[in-house]
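Report on the structure given below.
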Number of protein chains: 2
Amino acid sequence: MSAGWFRRRFLPGGPLPAPRPPRPRSSPVPYRRPRFLRGSGSGPGTADAPRRPDVRPVRSPARGRALPWNAGYAEIINAEKSEFNEDQAACGQLCIRRCEFGAEEDQEWLTSCPEEFLTGHYWALFDGHGGPAAAILAANTLHSCLRRQLEAVVEGMVATQPPMHLSGHSICPSDPQFVEEKGIRAEDLVIGALESAFQECDEVIGRELEASGQMGGCTALVAVSLQGKLYVANAGDSRAILVRKDEVRPLSSEFTPETERQRIQQLAFVYPELLAGEFTRLEFPRRLKGDDLGQKVLFRDHHMRGWSYKCVEKSDLKYPLIHGQGRQARLLGTLAVSRGLGDHQLRVLDTNIQLKPFLLSVPQVTVLDVDQLELQEEDVVVMATDGLWDVLSNEQVARLVRSFLPGNREDPHRFSELAQMLIHSTQGKDDGLTEEGQVSYDDISVFVIPLHSQGQRSSGH
Amino acid sequence: MSAGWFRRRFLPGGPLPAPRPPRPRSSPVPYRRPRFLRGSGSGPGTADAPRRPDVRPVRSPARGRALPWNAGYAEIINAEKSEFNEDQAACGQLCIRRCEFGAEEDQEWLTSCPEEFLTGHYWALFDGHGGPAAAILAANTLHSCLRRQLEAVVEGMVATQPPMHLSGHSICPSDPQFVEEKGIRAEDLVIGALESAFQECDEVIGRELEASGQMGGCTALVAVSLQGKLYVANAGDSRAILVRKDEVRPLSSEFTPETERQRIQQLAFVYPELLAGEFTRLEFPRRLKGDDLGQKVLFRDHHMRGWSYKCVEKSDLKYPLIHGQGRQARLLGTLAVSRGLGDHQLRVLDTNIQLKPFLLSVPQVTVLDVDQLELQEEDVVVMATDGLWDVLSNEQVARLVRSFLPGNREDPHRFSELAQMLIHSTQGKDDGLTEEGQVSYDDISVFVIPLHSQGQRSSGH
């Protein structure tokens, strides 16, 4: 299996990018070339445990480096939005040991069968804002959190069905009827582990940023191949799609102030003090002006998917909690995403109003049953940060994939070259690829993950 | 257009129905035969306006009564769950006047063009619990609330696009670009009106129940045909489906403690005092016992779609906020639905713990663009309360529809007879229709709404 991953530097000469949330222009975290990910154990709770390589070295086929599991490599786009690179990525092999816990919360890890592993693969993209600190921390931390969370439930994952009880030195088969009634499957434990890992990683980032006096946040898009399934966990506005000969299937949804409007308005309804009297919870088609006072205008509140009219009062003239449309939509005038990691200290400019209460770190997880697909050699998953999808639709990306791969079957680096070509096509160099000659001025990172024969290779344990 | 609607009395002799929430066995609201709906104006804010027939008389084709718009008629199932009938229904023609508002909130209705109407059709099913009071109030009130809400926005509905401003004596065409950017359509105003009408009706029911010292709640499933579209609004566990020759399409989703688990757990997380220390927010596959203390068991919290394991503490042994599976799932051990109207006074037995904070009255609205369908003569919408869907799947209902209608083309009452046949097939009298000979012991109400030529007939204004 060979996965391609490519990022490139911003091509200068175009107009400045669309405004993004205010970000510190000097972050103390230096720019770092993509790392060889070796060892970690830096997650909380594992600090005392002996370190071991839970993510193995990666290589970039495009550069011909000899990395054992044929993952990709990255170049950097830095769209002049920050002094340092804000996109980060990580990929590697996940090695999950079968561990046993005692009943006590903080008991140390006991290795019962050190030779027994469940192995999988891990790809992750982190799109930072307000500096690269959170994205770098996430790239260095999340896989460790995930490994720990998976190891905590691996006994249930390898059982025919997760048992009600997981304790002591054996799987207790009690109450199978309740587990069966609820329809709880091994994949639900992986989903739960991904959800918990994102939250744990967010806490780590919060502590590390505070300790080092740094700022920032990032989105997170993770794909994990495990036991013949591909799990895609997303918190933010990156996107993963499945491209096959006759099918394009989204594997993630974007979480932005627009897509999560009702959740965010609902929170402001429950906790109006979060707006400090400076914002209005209501949505209007545009910012209201003094002239609108007393007029009946279109609006939406937290309980409404539809629109209605209301008579404009003075409090409606405040700045809206969510404002703008599409790429310009902002939460509290500040942030373009509504889920992600970090941002613990982020406040609305010149106020004490915090954004973190409105943000979720928990991802939405979708499961692709790779073993059930009749895979063709050119079936791939394309993961990319929002810069790609601002310019190319799912269908356009699928067209590029289908036109590129069949003619390059003999090229061992074709997935990296495809990732590279996808990014090139967002730079306005290709004719007729993007609608109305759209060009991206954002950071872009792309993974191309071939699925063919992945099920067989990655499901062993 | 001829719509069939049929309910029948419980067929005695079967086992008692599955336990439902505790309900008062004697409600002061008497059993009422289905009503001829004439006039109303009983909604709040219209009390001072002259009364007029906003819902026209209905008729039952099965009984041959001469009703002007060929709607259905009802018989009653009373599954021995309550002293009085708990299913109620309403249907009729919606006549929406073009009214004008001044800028002031409470200004009286001014009729500018009394001859100008937007007309539509309305069908509604209300499945009561804790007595029939809420269901009867809803059947008598919701259409008036909806008419009022629609009249408040009708100027926007009949415009090419809803204008940003709706005020004074004319449509103000200001800011069309913002309305267009947001993609606000006339149908969004109807969705908003349905959402507001349900909430207004819930408030009316709350006041009326309190004033009369009555109790109870109900689910609400409403279909409205307007301007060539069919709107289906659902709050509860009734269901509507579209059945065509080659297609079965759900037009609603059910709202139960299971389907709304995360919303309900989230609320208990934010307001733990709602549980008064008597319930645990967490979900487990079964109720935990003392023996489970200290064990690692499967659980889910509000942020989790997946499952994980946790070490059982004493507080986990409390009764779960949501407990049970499928038909047996209960909110606070009491209620089987999570959305609906009424229940303002409902409390957990022998406690002061209220259920209303966990319930939503706002419906989910789906829109079927009837004018865009290439309708066949046998395309119908089937609306029914949960008793039907407990026993028949969407596909089984579709099979019954397709086997019945073509052979009965000349029968003017065929839609009522189809509704009747659908109910019969839940009573264990038909061979092989239901899986494992399942039988329903619940109240059941069914509307069968033929769509053919409805678009043309109902879209005039």
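A few remarks follow.
- Over segment A:259-335, all Cα pairs binned in 5 Å intervals from 0 give whole-percent P(r) values of 3, 16, 28, 27, 19, 6, 0, listed from short to long.
- Residue mean of other protein chain beta carbons inside 10 Å, B:280-287: 3
- Karplus-derived 3J(HN,Hα), 6.51/-1.76/1.60, for each residue of segment A:344-350, Hz, glycine and proline x: 4, 9, 5, 10, 4, 3, 6
- Label-point gap, in nm, between residue B:377 and residue B:210 - each point 7 angstrom along Cα→Cβ: 5.5
- Relative intensity of segment A:171-309 on a log10 scale, I(q)/I(0) at q = 0.13, 0.21 Å⁻¹, equals -0.93, -1.29, per a Debye sum over C-alpha point scatterers of equal strength in the absence of solvent.
- 5 angstrom amide H check on residue B:333, placed H, neighbours 5+ away: B:323
- FRET efficiency, 1/(1 + (r/R0)^6) with R0 41 Å, evaluated for residue A:249 and residue A:159 via beta carbons: 0.90
- Positive minus negative residues near residue A:238 (Lys, Arg vs Asp, Glu; Cβ under 9 Å): -3
- ³J(HN,Hα) computed for each position of segment A:200-207 - Karplus, 6.51 cos²θ - 1.76 cosθ + 1.60, integer Hz, glycine/proline x: 4, 4, 4, 5, 4, 4, x, 5
- In nanometres and ascending order, the distances from the residue A:176 label point to those of the other copies are 6.8 (point 7 Å from Cα along Cα→Cβ).
- Pairwise centroid distance, computed over Cα atoms, of segment B:266-314 with segment A:374-388, Å: 38
- In nanometres and ascending order, the distances from the residue B:408 label point to those of the other copies are 6.2 (point 7 Å from Cα along Cα→Cβ).
- For residue A:371, label point 7 Å along C-beta direction: distances to other copies, nm: 5.1
- Distance from the A-onto-B rotation axis is smallest for the Cβ of the chain A residue given, in whole Å, as A:270, 3.
- Using a Förster distance of 22 Å, the FRET efficiency for residue A:270-residue B:278 (Cβ separation, nearest 0.05): 0.50
- 10 Å Cβ neighbours from other chains, averaged over peptide A:298-305: 6
- Rounded to the nearest 10 square angstrom, residue B:229 shows an accessible area of 50 square angstrom against a 1.4 Å probe.
- Inter-site label distance for residue B:291 and residue B:367 at 7 Å from Cα along Cβ, in nm: 5.6
- Using the Karplus relation 6.51 cos²θ - 1.76 cosθ + 1.60 with θ = phi - 60°, the per-residue 3J(HN,Hα) values for segment A:229-246 come to 10, 10, 9, 10, 10, 10, 9, x, 10, 6, 8, 10, 10, 9, 10, 10, 4, 10 Hz, with x marking Gly and Pro.
- Peptide A:306-317 has a mean of 6 when you count, residue by residue, the C-beta atoms of other protein chains within 10 Å of its C-beta.
- With semi-axes defined as the square roots of five times the eigenvalues of the C-alpha gyration tensor, the equivalent ellipsoid of segment B:324-419 measures 38, 17, 12 Å, largest first.
The values are calculated or read from the model by the stated rules, or taken from the named source; none is laboratory data. Bear in mind that the values here come from a model prediction, so they are computed numbers and not experimental data. Reconstructed Cβ throughout: ideal geometry from the backbone, glycine too, with neighbour counts over all protein chains shown. Accessible surface is based on the protein model in full, side chains and every heavy atom, while ligands, DNA and RNA are left aside. Shrake-Rupley method; radii C 1.70, N 1.55, O 1.52, S 1.80 Å.
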